[in-house]
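Take a look at the structure set out below.
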Amino acid sequence: MRRFYPYLSYLRPHRGLLLWALLCGIIAGAASGAGLPFMVKTVFPVMFAKGAVPLTMWQLVLVALWIPAVFVVRGVAGYLNTYFIQLVGTRVLEALRLDFFRKLQVLPLSFFQKNSTGDLLSRGLADANQLQNTLTTVANEVVKSPASLVGSLCYLMWVAYHEQGVALVLATLAVVPLTVLPIRYIGKKLITRAGQIQAELGSVTAIFSENLSATREVRAFGLEERETSRFARASQTLIRAQMKFMKYEKALTPLIEILSACGISFTLLYAYQVHLDKDTFLALVTAIYASYEPIKKLGSLNNEMKRGLGALERLEEVLQAPVTITDPAQPVTVGRLRGDLGFSDVTFSYGGEVPALRKVSVALPAGTICALVGPSGAGKSTFANLVPRFYDATAGQITIDGFDVRALRLSDLRGNIALVSQEPVLFNDTIHHNLLIARPDATRAEVEAAARNAHAHEFIRTFPDGYDTIVGERGGRLSGGQKQRLAIARAFLRNAPLLILDEATSALDSESEAAVQDALKKLVVGKTVLIIAHRFSTIRDATHILVFDAGRIVAQGTHASLYANHPLYRSLYDRQSGA
Ligand code: ATP
């Protein structure tokens, strides 16, 4: 229970609703816990006693209405209780999901390399859902069930004490502590299994989402069968985990019922021994039965808490994951930067034994168009990714205009950088909105001007809806070249002093290629540019070239000097240009 305390704060804004729910719950509990035993104990003996005075018309009506009235009160109060609790539940879920999503926005990129998208999806949806169920069930039952238990136990003790004294009270209550044993035993069994279910659910979702993101590859490589059996295996593991959970969870009710039957038969024997009259006996049995109901509920509440605990642990792994890339405590306030870029003794490791960058030092004055070249895995992308602090250097310092990047506010730093990535991601929205993300306050005319500069206006105009065309998920309705031109248009719109250009590895058709190259030529003017050159096609326009090999800068200079003096560069260039 203690583990849930920090999360009960999600319930705090809904105190009023919860109070109503509680009130209704207590009314419903009291109606079912005491309403019927009262009838058995107080009304039936008067009606059916030998030589009883016949009831008047009004008394008969009252008796006839009593049972339906108990059920009406129980039904209406129970309905309102459930309704209020569900209302709180959906609001809690909304807040929880929002916190989870908000956290995903600020976690460092390294976090997403360790956790699969599907598993994160499952945590944000299924685990949040489970925790919502648990919190609302706990909120609902944690007072209601004990209240109803105390209510029926008090009634039970009152009847027993009234008739036979303390001995009968003790006899009727003897079985109650025993019911705690199965609750505790089953609870222990459930805790590990609950975690397993949520983890397996995560694996199933992960396979699902991976498969949906690779629909083309599945068909192209004939992976249909392999994928289906992979999914079936994960699904079976999930079902096995669920069945193991159910095996114990569902055993609780019959166990408590068997114990309560033992309690009743024990009371029967005792009643026979002490010559208890049948009305008292019947009232006792009804009260005993009524008191086992909340015990059963408390038992399933315990089960529900174990489920919730499993989900909570998985959510906490995200909610409490450290946000390692943050604003400094006292940021240096900067506006638009010039773009002098400096790396001094920068080492970076992704966590493996071999660092991806080793003691890299370089100074690039503002306006340098710098191409990063080198064999695959040499560290070019890593070098570029450290500038906007997608990762933080393990050692050394990166500066812009002399400011350590870690001394700037993240929004200031990233606001001074435009990024054109290899495979630009577009949101499933209009072209206009997709461009606006580069500068939300841009006017329609500015957006169009940027698109013209990027040679995107030409193709946008041919769409019936023009700039209001929806581009599909990840820009699926556009060609590779069109997506690239939109990415360049975004960079034009952002007009940042630093530009990181991750050159596309896939070749475009010659017309698209020419348009993209021309747009890029215009884009780089006056900016400090890092071009991660995969195809060397933009290299001739670079004013400076850094040659990377195994995480080090092994040479730098102009194309002509490097080609003349550096064998690695010459061989890379010749291989790329087909010379
Ligand atoms: P390419 O031209 O193939 O894109 P690159 O020169 O850009 O290569 P990087 O992507 O910077 O190379 O990678 C440098 C090294 O770091 C490689 O050994 C790579 O395996 C490793 N690496 C890159 N990204 C990660 C990551 N997210 N986690 C762990 N290691 C990584």
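The values are calculated or read from the model by the stated rules, or taken from the named source; none is laboratory data. Note that the structure is predicted; figures quoted are calculated from it, not measured. Cβ atoms come from the backbone with ideal geometry, glycine included; neighbour counts cover every protein chain shown. Ligands, DNA and RNA are excluded from the accessible area calculation, which covers all protein heavy atoms including side chains. Shrake-Rupley method; radii C 1.70, N 1.55, O 1.52, S 1.80 Å.
Among the residues in the range 303-317, are any under 31 Å from the mean Cα position of the chain (by Cα), in contact (Cβ under 8 Å) with a residue 24 or more places away in the chain and surrounded by fewer than 19 Cβ atoms within 10 Å (Cβ to Cβ)? So far as the range 303-317 goes, yes, one or more of its residues are under 31 Å from the mean Cα position of the chain (by Cα), in contact (Cβ under 8 Å) with a residue 24 or more places away in the chain and surrounded by fewer than 19 Cβ atoms within 10 Å (Cβ to Cβ). Of all residues in the range 291-331, those satisfying the criterion of being aliphatic (A, V, I, L, M) and assigned to a helix (DSSP H, G or I) are I295, L298, L301, M305, L309, A311, L312, L315, V318, L319. Against the conditions (1) part of a helix (DSSP H, G or I); (2) of a type outside the set (F, W, Y); (3) free of Cβ contacts under 8 Å to residues at least 40 places away in the same chain, where does P464 fall short? Just the number, please. That leaves (1) as the condition not met.
Filtering the range 99-109 to residues that are more than 11 Å from the ligand (Cβ to nearest atom) and open to solvent by 40 Å² or more (accessible area, probe 1.4 Å) leaves D99, F101, R102, Q105, V106.
Does G195 meet the test of being crowded, with 19+ Cβ neighbours inside 10 Å and modelled with pLDDT of 80 or more? Considered against the rule, which asks whether it is crowded, with 19+ Cβ neighbours inside 10 Å and modelled with pLDDT of 80 or more, G195 comes out as yes.
Out of all the residues in the range 355-374, which are near the ligand (Cβ under 7 Å from one of its atoms) and over 20 Å from F111 (Cβ atoms)? If the condition is that a residue be near the ligand (Cβ under 7 Å from one of its atoms) and over 20 Å from F111 (Cβ atoms), then G374 is the only one that fits.
Looking at L386, is it assigned by TED's automatic domain parsing to the domain that holds P567, touching a Phe, Trp or Tyr at 6+ places or on another chain (Cβ under 8 Å) and more than 9 Å from the ligand (Cβ to nearest atom)? Explain how you work it out, then say what you get.
Values: assigned by TED's automatic domain parsing to the domain that holds P567: yes; touching a Phe, Trp or Tyr at 6+ places or on another chain (Cβ under 8 Å): yes; more than 9 Å from the ligand (Cβ to nearest atom): yes.
When the stated conditions are applied, L386 passes them.
The test for being in a strand (DSSP E or B) and surrounded by 22 or more Cβ atoms within 10 Å (Cβ to Cβ) holds for L372.
Looking across the range 337-354, the residues that are more than 15 Å from the ligand (Cβ to nearest atom), part of a loop (DSSP other than H, G, I, E, B) and open to solvent by 30 Å² or more (accessible area, probe 1.4 Å) come down to R338, D340.
Do we have any residue at all in the range 66-75 that's part of a helix (DSSP H, G or I), under 17 Å from E316 (Cα atoms) and away from the ligand (no atom under 16 Å from the Cβ)? Write out each step before concluding.
Of the residues in the range 66-75, the ones part of a helix (DSSP H, G or I) are 66-75.
Now restrict to residues that are under 17 Å from E316 (Cα atoms): none.
No: the range 66-75 contains no residue that is part of a helix (DSSP H, G or I), under 17 Å from E316 (Cα atoms) and away from the ligand (no atom under 16 Å from the Cβ).
Starting from residues that are small (G, A, S) and modelled with pLDDT of 90 or more, keep the ones in the range 217-235 and report whichever is farthest from A206 (Cα to Cα). Walk me through how you get there before you give the answer.
Initially, the range 217-235 is screened for residues small (G, A, S), giving 220, 222, 229, 232, 234-235.
Among the residues that remain, those that are also modelled with pLDDT of 90 or more are: 229, 232, 234-235.
Values: S229: 15, A232: 13, A234: 10, S235: 11 Å.
Among residues in the range 217-235 that are small (G, A, S) and modelled with pLDDT of 90 or more, the one farthest from A206 (Cα to Cα) is S229.
Among the residues making up the range 408-419, those that are within 28 Å of G352 (Cβ to Cβ) and either in contact (Cβ under 8 Å) with a residue 60 or more places away in the chain or among the aromatic types (F, W, Y) (or both) are L410, I417, L419. When the range 266-283 is limited to residues that are in a helix (DSSP H, G or I) and free of Cβ contacts under 8 Å to residues at least 40 places away in the same chain, the one that is surrounded by the most Cβ atoms within 10 Å (Cβ to Cβ) turns out to be A271.
Does G377 satisfy the condition of being under 33 Å from the mean Cα position of the chain (by Cα), exposed (fewer than 12 other Cβ atoms within 10 Å of the Cβ), near the ligand (Cβ under 9 Å from one of its atoms) and modelled with pLDDT under 90?
Values: under 33 Å from the mean Cα position of the chain (by Cα): yes; exposed (fewer than 12 other Cβ atoms within 10 Å of the Cβ): no; near the ligand (Cβ under 9 Å from one of its atoms): yes; modelled with pLDDT under 90: yes.
No.
The single condition from (1) under 30 Å from I27 (Cα atoms); (2) more than 22 Å from the chain's Cα centre (by Cα) that A52 fails is (1). Of the set (1) open to solvent by less than 10 Å² (accessible area, probe 1.4 Å); (2) outside any loop (DSSP other than H, G, I, E, B); (3) within 16 Å of the ligand (Cβ to nearest atom); (4) small (G, A, S), all apply to A451 but (3).
Based on this model, can you work out whether F112 counts as in contact (Cβ under 8 Å) with a residue 24 or more places away in the chain, aromatic (F, W, Y) and either away from the ligand (no atom under 16 Å from the Cβ) or within 23 Å of G195 (Cβ to Cβ) (or both)? It is false that F112 is in contact (Cβ under 8 Å) with a residue 24 or more places away in the chain, aromatic (F, W, Y) and either away from the ligand (no atom under 16 Å from the Cβ) or within 23 Å of G195 (Cβ to Cβ) (or both). Within the range 420-435, the set of residues being surrounded by 23 or more Cβ atoms within 10 Å (Cβ to Cβ) and either free of Cβ contacts under 8 Å to residues at least 12 places away in the same chain or assigned to a strand (DSSP E or B) (or both) comprises just one member, V420. Under the condition of being among the aliphatic types (A, V, I, L, M) and under 15 Å from A199 (Cβ atoms), which residue from the range 233-249 is most open to solvent (accessible area, probe 1.4 Å)? Result: I239.
Quick grid of which residues meet (1) closer than 27 Å to L153 by Cα; (2) open to solvent by less than 80 Å² (accessible area, probe 1.4 Å); (3) in contact (Cβ under 8 Å) with a residue 24 or more places away in the chain:
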residue: F44; (1), (2), (3): yes, yes, yes
residue: M47; (1), (2), (3): yes, yes, no
residue: T56; (1), (2), (3): no, yes, no
residue: V61; (1), (2), (3): no, yes, no
residue: I67; (1), (2), (3): yes, yes, yes
residue: R74; (1), (2), (3): yes, no, yes
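Could you please let me know if A214 is open to solvent by less than 70 Å² (accessible area, probe 1.4 Å) and farther than 24 Å from E316 by Cβ? It is true that A214 is open to solvent by less than 70 Å² (accessible area, probe 1.4 Å) and farther than 24 Å from E316 by Cβ. Look at the range 239-265: where a residue is closer than 21 Å to K306 by Cβ and a partner is open to solvent by 70 Å² or more (accessible area, probe 1.4 Å) and at pLDDT below 85, sitting 6+ places away or on another chain with Cβ atoms under 7 Å, you get L259/L178.
For D541, the conditions (1) charged (D, E, K, R); (2) within 16 Å of the ligand (Cβ to nearest atom); (3) in contact with a Lys or Arg (Cβ under 7 Å, 6 or more places away or on another chain) are fulfilled apart from (2).
If I go through the range 42-64 residue by residue, how many of them are among the basic types (K, R) and assigned to a helix (DSSP H, G or I)? Talk me through it step by step, then tell me what you get.
Going through the range 42-64, the residues among the basic types (K, R) turn out to be 50.
Subsequent filtering for residues that are assigned to a helix (DSSP H, G or I) retains none.
Number satisfying all stated conditions: 0.
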